[in-house]
Amino acid sequence: MLMLRLFTVKSFRIEEGVIFISDETPSELKSQFLDSGLILDITDKSFEEIFSTLESQVFLFMVDVTCTRSYLGLLNSLSLALDMIYLTLSYETTEFPYRFFIHNTENEEVECLSAFIKYLKVENYIILSSSNQLDQIISESLIRITQEHLYSHITYPEGLTQSVAENIVGRMIKAKGIKALIIIDSSDSLQTIEKAMQTKNYIKSGTIVIYSTRSFSSINTNGTLKLKEYMSENAENKYELIFYSLINRLAKVQNYIQTTLKSSLNKENLKISLSAIYNEDILYTITNVKNGKNVPVGKIIKKTLETKNIEFLVNITDEIYYPGNITEITSMKTKIVISIANGTHDPYNSINFPGFAYMYLGASYAVSRSNLYNEIPNFYIELFPTDCGIFWYDPFWYQNCYKPILDSMGIAILTSFYGNAIQGNIFTLRTLSRVIPQISPLGVDPALDNKKLYPELVKLETALKNYIYSKITTIMSLGYTDIIYIASNETEQLKQKSELSKTIIISSGMKIVNDNDHMYIKYNYTRTDFEYYADFFYYIKNTRCTVFFLSIFSNDMIIEALYDVGLRKGDFFFIFTNNVVRDLDGVEETYAIKRKELAEGCLILSYKEYVGDLGQKIQNELSQRFGDINYMCMTYDTVSVVKEAVKYLLSIGEDYENYDKLMNAIRKNKFEGCLGNVYFDKEENTRASSQFLVQQIVYNTTTKIFETIDISYLDRFSSQIFTLLNPYVWPTDSAPPNYRPYNPCPFDNYQIKSSSKGKEALYIFSSFFVILCLFSCIYTYFRSQKHINPITDKQIISLDDYAFFLYFPLQFFQIIAMGPDQDAYKHFVKNFQTVFSFDFNLYFNFTFGKFWFLFYGVFGFTIFWIIECLVYWTRLGRSMKKLWWTSTFAEISRVIVIFGGHIGFMPIISMLMNIYICINSIGDNLTDTYLKQDCKTICYKDNHKTMLVLSTIVLLLFIPLAVYYRSLWENEQETLHIKTKTSYFLLLSLSQVILAVLNKTLKIYNQNIHGIVCCCIIIAMIIITILLKPYNYMRATISQCISLVTSLCAILTATIFRNFSNINIWIFVEVFSIIIVLIIGVLIMKRFPQLLISEKGVDISTLFLFQFCKNYKRYIKDPKSLKVSNNDEKYKMIESSKSP
């Protein structure tokens, strides 16, 4: 025994002391003192017996190792009687001048522990002590000193079982998140406690464990700290510890006598020295377990100040390494590590995609927010980033990526967004025997829904079938019944997904338009495959269905292909599964244009985020920190899933690091998160219920970028499925129809563009005909009779007079037909007013064959009219009237000439001018234009060119003839009393040609301007009518004014109200104004005498037969019924005047 030998050399020997033992002294302890001067068993011995034994011998000190306090009184008496100090194992609080302790006192141990705790700045700790009396005394004393920083005191019985120890460590310490633990244990139970800490994985990086123990059954765990009595650090058991402590005391005494007292060794000096070293001494050595060995790193010194106060100083002489091989502890809270797959690279760094990492900022915020609000008391969460893959899985890469970080991954992983990467994480961690719960914001792979195949996974997305049902529900809510379905079926998994989608679509009542041969496309289709699939996409286009359901990898490539085959805005309706707005940019402009064209107006069905008060609060907080916060709510709740499960386990004292318990808590737990109520399906890995947000892609004309607007919330399991937020905003002002209208044209609508050359040609022809009419009017003016005789006496009104007055209402309809579109009449009488204008193409809007049928009819009639006109006004016409068998034909010709030249003047010109309306084109040349009424007819070539030439010739003949002979027809009506001034007829003809031309030119450009110009022309005609008084009968002039003013009211109202949405106001104003004009006109008319009167009893049918029948005498009635028989001579005179 090195210490003993050293002690002996210095002439202070253990033989100079007497050792007291008892029947409670262990034999192992007795063996430590075999070299002592005297070992005396004082069991059952009296004072006298012991005194008599000792008084005859010379000893310097006594040592009490009886291991019981029952002999302290006896020893006190002996020490007084023998004037000899004694050192004892038993602790006594009362003071006695001859009694000293072998070990440091309980009070000294408490003060040293307190000083060390303060030095380490431990603010929240648990005292764990055995039920041993000494341990309890020390624990209670320490509590009194450091109560403000104490979390709890746990006492365990000596001889506790392993299960009890694990329950204590797991439920009462680890579950509370306390990182600092003070263990005070002198019993043999310490090893059980340490095994429990290992089992429960309590001692980890950042934990502080301090032992104050005289037990030698402990396990040396790296990073733990121990207080050992000075100079007894090498003791291998508690008996050696006692002996070493005694020798330590004696050695210090001898040193004090020699160096301080500088005297010889005797009883008095021994007593003085022991008193001195107890006031100022090195009490403990601080050891730090490094590599399984206790390494001294400092001392705790007791020092008495001049003020007689005692302080305990901690002197650290070497670096302290805590568990985890760290030298500094920054937080006394327990760290919960959660891995997060927020990397940006795929295997071998083949792809760099920062999108998912940005979305996972929501998870980072959830962690910082949880820590800020101390949502898990005594714990804080820390994310451990990984970057092993985001889209696809490579086993070799994944294993090499995960191996170095396995021990740092924590209790769970916020796994990838995408299916293959999620599978890669699962398979790799299984291979590396590191199975932990995995939480995905999405998953995007229905195969991962299988709970049996992937028990360690949960996803915040709903089951695929629920998502598809929600999509179809949204589509059907817009009234669509038919759909185009495009999917991939290259693998068994894709086939299952495809069949699921088809089944849901059909079971919902929708019809899939395309057949099976045109339903499937390769999963990874790219734009380089377009040529191979061109026929496929043309087939899709030719179905004319606008509603799509796409189930392939790259929807944007399909959109580009549909654009390439001719689909444009309004031809494509699709519900995207994510925020596609960010994909509309970031590509070459050539491709971005295609995507934007078709994507505008489409919908986005995404998971409704930020639900409830908590969700709204988080949304506001995230919006202040980030721009785009889509999917951040879902990533936020990936943290919430783990956090809430941990909180639940901590509340019941379970181990949150136990995979089975944590996974079970995750699956069964229900909590309110950013997404609202979050809980998982019992049979699958998906969220049990989800709400969806319906958004629409719109183009902001101010910012020139695409945005989304929230349209509605969708909850299929709610009593109200849709909660509307905003109205739809369609790029074509209305929702796309289920089917595109049939396009009979040999080209697509998107190819159509305005043709400046076609318009120039139209303007040239129009100007030419106006000039032609003008010259015809001038010529006619100088060749015609300008004087008319007014009607001064009452005359019997004839059928011709009735026909004359009929023209005024017909003129009203003809004029308004040339003006802006009369939406009021279209709404009220379905545009029937245009029938009375005799411009039937305006009413029926004939196209293609029907247009040509009507055009050829008018064209033929015009040619016939020209011939009839030429015949009627020549000698041949007059000869025909003389013959009985041709007189009827002559009368019919007269009616045709009158009708065509007067009433049909404007409709014929309007109809024939349609041949010049080639204002749109599919190219840059004039010969690339097409006829407005027949897009199959290419202008200025082939048949159109022929008809254009012929129509021009016909109009060259018709306009001059109609203008010239229009003023002469009144003179041909023997029974017509009303006459018109030639100058007025010419102005009326010119204004009608101008109106017809404006209808074909200016109206196409701008209906408002067109309406204003038409109003100006009509106002001019009203003024001219009032000034010229063009008729020889004042009531006819007033009727003309009424016709023109009502036309003005109708056109002016249409011009003003066409930009207003309320058609009812339009109708009311127009009808009211016309009625007012009619009432005023009638009142004015009554002020003038009625000079044309009808005889009583004469009906229109009789007048008609009398007018047009040669043998009128056959129809002369009784004078009482028809008083015209006496006019026989008059009509004979009229007929004779027709003879040459």
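The values are calculated or read from the model by the stated rules, or taken from the named source; none is laboratory data. These numbers were taken from a predicted model, which means no experiment stands behind them. Counting neighbours? That spans all protein chains shown, and the Cβs are built from the backbone with ideal geometry, glycine included. The accessibility values were calculated without ligands, DNA or RNA, using every heavy atom of the protein model including side chains. Shrake-Rupley method; radii C 1.70, N 1.55, O 1.52, S 1.80 Å.
For the stretch 398-427, a tally of residues being over 28 Å from the mean Cα position of the chain (by Cα) and open to solvent by 60 Å² or more (accessible area, probe 1.4 Å) returns 5. Of the numbered conditions (1) at pLDDT 90 or above; (2) closer than 29 Å to Ile472 by Cβ; (3) loosely packed, with under 14 Cβ neighbours inside 10 Å, Lys668 satisfies every one except a single condition; which is it? All conditions are met except number (2).
Find the residue count for the stretch 428-449, including only residues that are open to solvent by 20 Å² or more (accessible area, probe 1.4 Å) and either touching a residue at least 60 places away in the same chain (Cβ under 8 Å) or polar (S, T, N, Q) (or both).
As a first pass, look at the stretch 428-449 and keep what is open to solvent by 20 Å² or more (accessible area, probe 1.4 Å): 430-435, 442, 444, 446-447.
Imposing the further condition that a residue be either touching a residue at least 60 places away in the same chain (Cβ under 8 Å) or polar (S, T, N, Q) (or both) reduces the set to 431, 433, 435, 442.
Going through the stretch 428-449 one residue at a time, the tally reaches 4.
Asp628 meets all of the listed conditions (1) crowded, with 18+ Cβ neighbours inside 10 Å; (2) under 15 Å from the mean Cα position of the chain (by Cα) but one, namely (1). In the set (1) in contact with an Asp or Glu (Cβ under 6 Å, 6 or more places away or on another chain); (2) without any contact (Cβ under 8 Å) to a residue 24 or more places away in the chain, Thr88 fails one condition alone, (2).
Residues that are open to solvent by less than 20 Å² (accessible area, probe 1.4 Å) and assigned by the TED database to the domain that holds Ile903 number at least 2 in the following helices (runs of 4 or more DSSP H) confined to the stretch 979-1031: 982-1000, 1007-1028. Scanning the stretch 259-271 for residues that are surrounded by fewer than 17 Cβ atoms within 10 Å (Cβ to Cβ) and either touching a Pro at 6+ places or on another chain (Cβ under 9 Å) or without any contact (Cβ under 8 Å) to a residue 24 or more places away in the chain (or both) yields a total of 7. I want to confirm something. Restricting to the stretch 1054-1093 and keeping residues that are at pLDDT 85 or above and of a type in the set (D, E, K, R), which single residue is most open to solvent (accessible area, probe 1.4 Å)? Restricting to residues being at pLDDT 85 or above and of a type in the set (D, E, K, R), the top hit is Arg1087.
Scanning the stretch 494-523 for residues that are loosely packed, with under 15 Cβ neighbours inside 10 Å and touching an Asp or Glu at 6+ places or on another chain (Cβ under 9 Å) yields a count of 2. Answer yes or no: is there a residue in the stretch 739-749 that is more than 28 Å from Arg568 (Cβ to Cβ), modelled with pLDDT of 90 or more and in a loop (DSSP other than H, G, I, E, B). Checked against the condition, which is being more than 28 Å from Arg568 (Cβ to Cβ), modelled with pLDDT of 90 or more and in a loop (DSSP other than H, G, I, E, B), the stretch 739-749 yields no hits at all. The residues in the stretch 190-208 that are more than 19 Å from Asp135 (Cβ to Cβ) and aliphatic (A, V, I, L, M) can be counted, and the count is 2. Of all the residues in the stretch 33-59, those that are under 14 Å from Tyr71 (Cβ atoms), acidic (Asp, Glu) and either modelled with pLDDT under 85 or open to solvent by 80 Å² or more (accessible area, probe 1.4 Å) (or both) number 2.
Condition first: among the polar types (S, T, N, Q) and surrounded by fewer than 20 Cβ atoms within 10 Å (Cβ to Cβ). Now tell me which residues in the stretch 450-469 satisfy that. Explain how you work it out, then say what you get.
To start, the set of residues in the stretch 450-469 that are among the polar types (S, T, N, Q) comprises 450, 462, 466.
Result: Asn450, single match.
Does Asp748 satisfy being free of Cβ contacts under 8 Å to residues at least 12 places away in the same chain, within 37 Å of the chain's Cα centre (by Cα) and either open to solvent by 90 Å² or more (accessible area, probe 1.4 Å) or farther than 30 Å from Thr975 by Cβ (or both)? Taking the combined requirement at face value, the residue does not satisfy it.
Taking residues in the stretch 96-114 that are more than 15 Å from Lys303 (Cα to Cα), and partners anywhere that are assigned to a loop (DSSP other than H, G, I, E, B) and open to solvent by 10 Å² or more (accessible area, probe 1.4 Å), the pairs with Cβ atoms closer than 6 Å and at least 6 places apart or on different chains are Ile102/Leu89; Glu106/Tyr91. Per the listing Ile1022, Ile1012, Ile1018, Ile994, the residue uniquely over 24 Å from Phe769 (Cβ atoms) and β-branched (Val, Ile, Thr) is Ile1022. Every condition in (1) more than 25 Å from Pro377 (Cβ to Cβ); (2) open to solvent by less than 20 Å² (accessible area, probe 1.4 Å) is met by Ala165 except one, and the failing one is (1).
I'm trying to understand the selection: among the residues of the stretch 470-481, which are under 24 Å from the mean Cα position of the chain (by Cα) and open to solvent by 70 Å² or more (accessible area, probe 1.4 Å)?
To start, the set of residues in the stretch 470-481 that are under 24 Å from the mean Cα position of the chain (by Cα) comprises 470-480.
Listed by number, the list holds a single entry, Met476.
Residues of the stretch 694-731 that are surrounded by 13 or more Cβ atoms within 10 Å (Cβ to Cβ), outside any strand (DSSP E or B) and of a type outside the set (D, E, K, R): Ile721, Leu725, Tyr728, Val729, Trp730, Pro731. Inspection of the stretch 112-125 identifies no residue that is at pLDDT below 90, in a helix (DSSP H, G or I) and either within 22 Å of Ile14 (Cα to Cα) or open to solvent by less than 40 Å² (accessible area, probe 1.4 Å) (or both).
Filter the stretch 524-542 down to residues that are assigned to a loop (DSSP other than H, G, I, E, B) and within 25 Å of Tyr467 (Cβ to Cβ) and give me whichever is modelled with the highest pLDDT. Talk me through it step by step, then tell me what you get.
To start, the set of residues in the stretch 524-542 that are assigned to a loop (DSSP other than H, G, I, E, B) comprises 524-526.
With within 25 Å of Tyr467 (Cβ to Cβ) added as a condition, the list becomes 524-525.
Numbers: Asn524: 86, Tyr525: 91.
Looking at the filtered set, the residue picked out is Tyr525.
For beta carbons closer than 6 Å, sequence separation of 6+ or different chains, a first residue in the stretch 403-420 that is part of a helix (DSSP H, G or I) and a second that is surrounded by 20 or more Cβ atoms within 10 Å (Cβ to Cβ) and among the aromatic types (Phe, Trp, Tyr), the qualifying pairs are Asn420/Tyr393. Being farther than 28 Å from Ile145 by Cα and exposed (fewer than 13 other Cβ atoms within 10 Å of the Cβ) is not true of Glu328. When Cys918 is tested against (1) open to solvent by less than 60 Å² (accessible area, probe 1.4 Å); (2) part of a helix (DSSP H, G or I); (3) at pLDDT 85 or above; (4) of a type in the set (A, V, I, L, M, F, W, C), exactly one condition is not met: (2). For the stretch 676-731, the set of residues classified as within 13 Å of the chain's Cα centre (by Cα) and among the charged types (D, E, K, R) consists of Glu707, Asp710, listed by residue number. In the set (1) open to solvent by 20 Å² or more (accessible area, probe 1.4 Å); (2) at pLDDT below 90; (3) assigned to a helix (DSSP H, G or I), the condition left unmet by Glu644 is number (2).
What number of residues within the stretch 329-367 are of a type in the set (A, V, I, L, M), modelled with pLDDT under 90 and closer than 16 Å to Cys388 by Cβ? Quick ask: steps written out before the conclusion?
Keep residues of the stretch 329-367 that are of a type in the set (A, V, I, L, M), which gives 329, 332, 336-338, 340-341, 351, 357, 359, 361, 363, 366-367.
If we keep only those that are modelled with pLDDT under 90 too, we end up with 329, 332, 351.
If we keep only those that are closer than 16 Å to Cys388 by Cβ as well, we get 351.
Adding up the residues that qualify gives 1.
Of the residues in the stretch 482-489, not one is surrounded by fewer than 22 Cβ atoms within 10 Å (Cβ to Cβ), in contact (Cβ under 8 Å) with a residue 12 or more places away in the chain and under 19 Å from Tyr659 (Cα atoms).
Regarding the stretch 128-140, can at least one residue be identified that is farther than 16 Å from Asn220 by Cα, in contact with a Lys or Arg (Cβ under 6 Å, 6 or more places away or on another chain) and assigned to a loop (DSSP other than H, G, I, E, B)? Checked the stretch 128-140: no residue is farther than 16 Å from Asn220 by Cα, in contact with a Lys or Arg (Cβ under 6 Å, 6 or more places away or on another chain) and assigned to a loop (DSSP other than H, G, I, E, B).
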